[in-house]
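Visitor: Take a look at this one; I'll ask things after.
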Ligand code: S3P
């Protein structure tokens with residue numbers, strides 16, 4: 001265990017298990033599972049770049065995801081996800097946060113597979129629902145959940161959100177399960193999850209740290 005970072009070091013490289021992939025870490029998982037927050041923190045710890053697909057689409061379209069859904073519909077949003085990710089598929093040394101439904105399109109999935117090590121952030125749907133039910137701003141920003149913000153009662157919102165998230169996850173779980181690693185803890189803080197993520201990648205033989213170098217300065221994807 002490294003005293004400064006709290007992360008374990010020097011796990012043996014597992015040649016056979018380590019995926020032979022591009023040098024990015026790709027976060028997939030349900031809405032509200034923490035992909036953007038945890039991804040940004042993990043990138044900072046690693047000294048990697050951070051790429052957020054939703055944020056990039058919003059920047060390029062000069063519209064929120066919510067507006068894009070409203071004006072153009074879900075299928076055009078999926079087209080944008082596909083074409084945008086394709087354009088950025090040459091990224092290296094980035095943590096990439098995708099949207100919850102980015103995995104559902106077959107072509108986009110091929111692009112995802114080509115970009116790096118895929119990690120499924122998979123906190124219990126009940127926990128995601130509890131977080132989103134309490135945060136109306138976050139809830140309204142997500143077009144596939146936004147109408148649930150009309151329910152005034154927190155418990156009702158929580159119950160309906162749990163059901164909706166479980167249903168959406170059910171449709172996508174076949175793809176989520178193909179991730180190289182899964183992080184399923186009850187997330188205490190984004191920071192601890194980011195550290196758990198990196199620790200898991202070290203254990204899985206995906207990341208290694210050189211002991212001669214300052215921790216986090218020179219992480220490498222194997
Ligand atoms: C979606 C998830 C959202 C966003 C859009 C659709 C989905 O991203 O891409 O609202 O289909 O699950 P987050 O997973 O970051 O909320």
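Visitor: Report, ordered by the first and then the second residue, all pairs with beta carbons closer than 7 Å, sequence separation of six or more or different chains, a first member in region 56-83 that is under 19 Å from residue 97 (Cα atoms) and modelled with pLDDT of 95 or more, and a second member that is more than 13 Å from the ligand (Cβ to nearest atom) and in a helix (DSSP H, G or I).
Guide: These pairs meet every condition: 82/107.
Visitor: Now for a different question. Could you grab me the full set of residues in region 49-72 that are assigned to a loop (DSSP other than H, G, I, E, B) and surrounded by 12 or more Cβ atoms within 10 Å (Cβ to Cβ)? It would help to see each step written out before you state the result.
Guide: Narrowing region 49-72 to residues assigned to a loop (DSSP other than H, G, I, E, B): 62-64.
Hits for region 49-72 are 63, 64.
Visitor: Also, quick follow-up: Considering only region 109-222, give the strands (runs of 3 or more DSSP E) lying wholly within it that have at least 2 residues that are loosely packed, with under 13 Cβ neighbours inside 10 Å and at pLDDT 95 or above.
Guide: In region 109-222, no matching strands (runs of 3 or more DSSP E) lie anywhere.
Visitor: For residues that are over 17 Å from residue 177 (Cα atoms) and in a loop (DSSP other than H, G, I, E, B), scanning just region 19-31, find the one that is modelled with the lowest pLDDT.
Guide: 20
Visitor: Follow-up. Would you check which residues across region 67-86 are within 12 Å of the ligand (Cβ to nearest atom) and in contact with a helix residue (DSSP H, G or I) (Cβ under 7 Å, 6 or more places away or on another chain) and list them?
Guide: 68, 69, 77, 80, 81, 84, 85
Visitor: Regarding region 51-59, can at least one residue be identified that is more than 14 Å from the chain's Cα centre (by Cα) and within 9 Å of the ligand (Cβ to nearest atom)?
Guide: The answer is yes; a qualifying residue exists.
The values are calculated or read from the model by the stated rules, or taken from the named source; none is laboratory data. The structure displayed is predicted, hence computed values, not measured ones. Every residue, glycine among them, receives a Cβ derived from its backbone with ideal geometry; neighbour counts consider all protein chains shown.
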